[in-house]
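Read the figures in this text as sums done on the coordinates, not as results from a lab. Values in this document were obtained by computation on a predicted structure and should not be read as measured data. In this analysis, Cβ positions are derived from the backbone assuming ideal geometry, glycine residues included, and neighbour counts consider all displayed protein chains.
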């Protein structure tokens with residue numbers, strides 16, 4: 001499925017809202033994009049289980065978030 005760039009966050013938001021009981025891993029190209037999406041979706045209360053995972057976190061935190 002191809003989604004125009006201007007619709008990507010809206011589509012991701014809708015997808016996350018309709019799949020709240022499943023584990024989903026979303027990849028972004030940079031840590032800034034991860035932070036932006038995490039903060040935006042957290043403020044919009046997309047899910048209670050929303051976590052961010054990126055390379056600036058120490059390995060123990062990344063591992064804990066993954067599991």
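Here are a few things to note about the model shown:
- Ellipticity estimate at 222 nm from DSSP helix runs (n ≥ 4, -39,500 (n - 2.57)) divided over the chain, nearest 500: -14500 deg cm²/dmol
- Computed from the Cβ-Cβ distance with R0 of 22 Å, the FRET efficiency linking residue 6 to residue 54 stands at 0.40.
- Estimated from the Cβ-Cβ distance and a Förster radius of 30 angstrom, the FRET efficiency linking residue 22 and residue 44 is about 0.95.
- Helix axis angle, 8-18 relative to the chain longest principal axis, alpha carbon, degrees: 80
- Summed over all non-identical Cα pairs, the Kirkwood treatment of the chain gives a radius of 12.9 Å.
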